[in-house]
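**Student:** Handing you a structure now.
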Amino acid sequence: MAHLTSSVEYGLHCLLWLVDAGETQPSSRDLAELQGISPSFVAKIFPKLEKAGIVAASAGVRGGYRLARPAERITVLDVVDAIEGDKPLFDCQEIRGRCAVFEGAAPRWATGGVCAIHAVMLRAEKSMRDALAQETLASLALTLGRKAPARFGPDVQAWLSDRGQSRGTARIVPIAPQRADHDP
């Protein structure tokens, strides 16, 4: 996993609102607007989450997203890999064999085995992946729930529910009839 982008942060924040969404299935736009982030940016994240089996989408005017499996079974690592891909943290360029003193013919002692720097980076990546695999959406939601006032979660769910309902309400704008006897 290379540098973790804001896509991971946005995705995790959005997913937290799906943990206790009940029957509400917010759109990616609703989730973005709730948090003051770019709707078009969030709309690019959710297909990746859907492809990874983290969310499921429902179509239609009132369609939106829900978690595809229980929050206890979705790790932060699942989300990171879905959004960023399973890229290595460090891409060793094997610089150790390019020393000018070797004049283009690096000796076996210099290039044999795993590069010491690469080995450190591999251990660091394993530690980070292990830590991300230990945290779930459910554990993150629990932490948020302890921090926020009791009314915050229900207020957010009501806001999202209202947004979903308003998406289903078609706005009909009457068109004034054209008069046949008007002057051009």
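**Student:** Kindly indicate whether residue 15 is over 30 Å from residue 112 (Cβ atoms) and in contact with a strand residue (DSSP E or B) (Cβ under 9 Å, 6 or more places away or on another chain).
**Tutor:** yes
**Student:** Sort through 45, 83 and tell me the only one that's in contact (Cβ under 8 Å) with a residue 40 or more places away in the chain, buried (at least 19 other Cβ atoms within 10 Å of the Cβ), on the phi < 0 side of the Ramachandran plot and in a helix (DSSP H, G or I).
**Tutor:** From the options 45, 83, the qualifying one is 83.
**Student:** Now a separate question. Looking at (1) surrounded by fewer than 17 Cβ atoms within 10 Å (Cβ to Cβ); (2) under 14 Å from the mean Cα position of the chain (by Cα); (3) not acidic (Asp, Glu), find the lone condition where residue 107 falls short.
**Tutor:** In the conditions (1) surrounded by fewer than 17 Cβ atoms within 10 Å (Cβ to Cβ); (2) under 14 Å from the mean Cα position of the chain (by Cα); (3) not acidic (Asp, Glu), residue 107 misses (2) alone.
**Student:** Return the pairs, sorted by first residue and then second, in which the second residue is not in a helix (DSSP H, G or I) and not basic (Lys, Arg), the first residue lies in the stretch 134-153 and is under 24 Å from residue 80 (Cβ atoms) and open to solvent by 60 Å² or more (accessible area, probe 1.4 Å), the beta carbons are less than 9 Å apart, and the residues are 6+ apart or on different chains.
**Tutor:** 134/75; 135/75
**Student:** Which ones in the stretch 1-32 are in a helix (DSSP H, G or I) and either open to solvent by 70 Å² or more (accessible area, probe 1.4 Å) or of a type in the set (S, T, N, Q) (or both)?
**Tutor:** Within the stretch 1-32, 6, 7, 9, 13, 28, 29 meet the criteria.
**Student:** Quick one: which residue in 64, 53 is over 14 Å from the mean Cα position of the chain (by Cα), over 22 Å from residue 127 (Cα atoms) and either basic (Lys, Arg) or open to solvent by less than 80 Å² (accessible area, probe 1.4 Å) (or both)?
**Tutor:** So the residue among 64, 53 that is over 14 Å from the mean Cα position of the chain (by Cα), over 22 Å from residue 127 (Cα atoms) and either basic (Lys, Arg) or open to solvent by less than 80 Å² (accessible area, probe 1.4 Å) (or both) is 64.
**Student:** Please state which one of 40, 28 is of a type in the set (S, T, N, Q), touching a helix residue (DSSP H, G or I) at 6+ places or on another chain (Cβ under 6 Å) and on the phi < 0 side of the Ramachandran plot.
**Tutor:** 28
**Student:** Moving on to the next point. Give the stretch 33-42 a look and list any residue that's open to solvent by 40 Å² or more (accessible area, probe 1.4 Å) and β-branched (Val, Ile, Thr), or say none.
**Tutor:** none
**Student:** May I pose another question? From (1) among the aliphatic types (A, V, I, L, M); (2) modelled with pLDDT of 90 or more; (3) more than 21 Å from the chain's Cα centre (by Cα); (4) open to solvent by 70 Å² or more (accessible area, probe 1.4 Å), pick out the condition that doesn't hold for residue 173.
**Tutor:** Looking at each condition in turn, residue 173 falls short on (2).
**Student:** Could you check how many residues of the stretch 86-99 are open to solvent by less than 70 Å² (accessible area, probe 1.4 Å) and without any contact (Cβ under 8 Å) to a residue 12 or more places away in the chain?
**Tutor:** Number satisfying all stated conditions: 1.
The values are calculated or read from the model by the stated rules, or taken from the named source; none is laboratory data. Everything numeric in this text was worked out from a predicted model, so none of it was measured. In this analysis, Cβ positions are derived from the backbone assuming ideal geometry, glycine residues included, and neighbour counts consider all displayed protein chains. Ligands, DNA and RNA are excluded from the accessible area calculation, which covers all protein heavy atoms including side chains. Shrake-Rupley method; radii C 1.70, N 1.55, O 1.52, S 1.80 Å.
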